[in-house]
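A.B. asks: Mind looking over this structure? Questions follow.
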Amino acid sequence: MTAIHRTLVAVLSIAGILVVVTEARQAAHTAPQSTPTPDAVLAELKTGNEHHVAKQYKHPNATAARQQELAAGQHPHATVLACADSRVPPEMVFDQGLGDLFVVRVAGNVAADDELASIEYAAEHLNVPLVVVLGHQKCGAVTAAVEGGEAHGHLPALVTLLQPAVVKSKDMPGDRVANAVRANVELVVAQLASSQPILAELVGKGKVRVVGGVYSLDTGRVDWLH
Ligand SMILES: [Zn+2]
């Protein structure tokens, strides 16, 4: 082997190693992260909510590097079904960052087919282990359902979905709206956990947990219903 040949072999060897290393790095970069347990995620959300209550945010996963990393794929660790109310933004309430929460928002945090489909997608295709149904104090949609009266536009469809909570809570002592908010969260949690064909099976296998909470506009604290 001539000197030129030896040099060529050495260069090709180094190039080969670089290719292998680069491919290994790319594989590590794009490989799905291991899925945390539902309880571990819930504990993290509880901690994040304490940050929000104290207004001492950590603002995790808010860097440009995180944003670029997420372009390769998302691995959120919780789905949150929350009200559309502007005072209850899930990423702030739980001090979470880019790519952390798969958020579904609709007035009254109800689950019709569109919401169910989104939650199923996250559970089945993104392996999200925790679903949080998040109601809140003084919810306008729940108030409208409790008060009855004439609803305009497309609101009657929404109010109809909240009727079971109004019925369930109507004889409870205390504030009617607060009771209905809580009852609605409990009903939606039960609905999701027993939803066929996808969520009930995942819940049965212990791969997904569905929990509920009610957010206080006064304190910023989530009162967990379990
Ligand atoms: Zn609301």
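The values are calculated or read from the model by the stated rules, or taken from the named source; none is laboratory data. Please read all numbers here as calculations on a predicted model, not as lab measurements. Note: ideal-geometry Cβ built from the backbone for every residue, glycine included; neighbour counts use all protein chains shown. Surface accessibility is based on the protein's heavy atoms, side chains included, excluding ligands, DNA and RNA. Shrake-Rupley method; radii C 1.70, N 1.55, O 1.52, S 1.80 Å.
A.B. asks: Of the conditions (1) open to solvent by 30 Å² or more (accessible area, probe 1.4 Å); (2) under 22 Å from the mean Cα position of the chain (by Cα); (3) of a type in the set (S, T, N, Q), residue 163 clears all except one; give me its number.
C.D. replies: Failing condition for residue 163: (2).
A.B. asks: Look through segment 195-219, keep the residues that are more than 17 Å from residue 134 (Cα to Cα) and outside any loop (DSSP other than H, G, I, E, B), and return whichever of them is most open to solvent (accessible area, probe 1.4 Å).
C.D. replies: Ranking the qualifying residues of segment 195-219, first place goes to 201.
A.B. asks: Among the residues of segment 96-110, write down those that are away from the ligand (no atom under 14 Å from the Cβ) and among the polar types (S, T, N, Q).
C.D. replies: Correct list: 96 only.
A.B. asks: Which residue pairs have Cβ atoms closer than 8 Å, lie 6 or more positions apart in sequence or on different chains, and pair a first residue in segment 45-72 that is polar (S, T, N, Q) with a second residue that is part of a helix (DSSP H, G or I) and surrounded by fewer than 16 Cβ atoms within 10 Å (Cβ to Cβ)?
C.D. replies: Listed pairs, sorted by first residue: none to list.
A.B. asks: Within segment 130-150, can you find the residues that are more than 15 Å from the ligand (Cβ to nearest atom) and without any contact (Cβ under 8 Å) to a residue 24 or more places away in the chain?
C.D. replies: Across segment 130-150, the qualifying residues are 148, 149, 150.
A.B. asks: Restricting segment 26-51 to residues that are at pLDDT below 95 and in a loop (DSSP other than H, G, I, E, B), which is surrounded by the fewest Cβ atoms within 10 Å (Cβ to Cβ)?
C.D. replies: It comes out as 34.
A.B. asks: So for segment 66-81 (the condition being surrounded by 13 or more Cβ atoms within 10 Å (Cβ to Cβ), acidic (Asp, Glu) and in contact with a Gly (Cβ under 9 Å, 6 or more places away or on another chain)), does at least one residue qualify?
C.D. replies: Yes, segment 66-81 has at least one match.
A.B. asks: Still on this structure: Where in segment 52-171 are there strands (runs of 3 or more DSSP E), lying fully within it, with 1 or more residues that are more than 22 Å from residue 215 (Cα to Cα)?
C.D. replies: Passing ranges: none, list empty.
A.B. asks: Here is a follow-up. Against the conditions (1) within 16 Å of the ligand (Cβ to nearest atom); (2) in a helix (DSSP H, G or I); (3) not aromatic (Phe, Trp, Tyr), where does residue 192 fall short? Just the number, please.
C.D. replies: (1)
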